[in-house]
Amino acid sequence: MAKKRGMTKKAASKIQSHADRTGKSKGFKSRAQRAADKKK
């Protein structure tokens with residue numbers, strides 16, 4: 001089983017950039033950012 005690492009700020013940034021380029025997954029952008037903010 002793969003080890004879960006959580007969302008990093010870098011990963012959230014990549015997701016947001018991709019969503020901006022494609023115009024898709026707009027709702028996921030905010031969820032990704034919140035997950036990255038929770039990770040310490």
Legend entry - Residue-count net charge about R21 - beta-carbon cut-off 14 Å; Lys, Arg +1, Asp, Glu -1: +3
Inset, instruction - Compute the acute angle (0 to 90°) between the alpha-carbon long axis of helix 9-22 and the principal axis of greatest extent of the alpha-carbon atoms of the chain; round to the nearest 10°. - result: 20
Legend entry - Student exercise, the chain dipole from Lys, Arg, Asp, Glu Cβ charges, in Debye to nearest 20: 200
Legend entry - From the coordinates shown, percent of Cα pairs over 17 Å apart corresponds to which of [x] 55; [y] 30; [z] 60: [y]
Inset, instruction - Could you check the simple spin-label distance between F28 and K9, using points 7 Å along Cα→Cβ, in nm with one decimal? - result: 2.3
Inset, instruction - Can you tell me the 0 to 90 degree angle between the C-alpha axis of helix 26-38 and the longest principal axis of the chain, rounded to 10? - result: 30
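None of the figures in this text is laboratory data; all of them are computed from the coordinates on show. On a predicted model such as this, the values are computed, not experimentally measured, just so you know. A quick note on method: Cβ atoms are made from the backbone with ideal geometry, for glycine too, and the neighbour counts reach across all protein chains shown.
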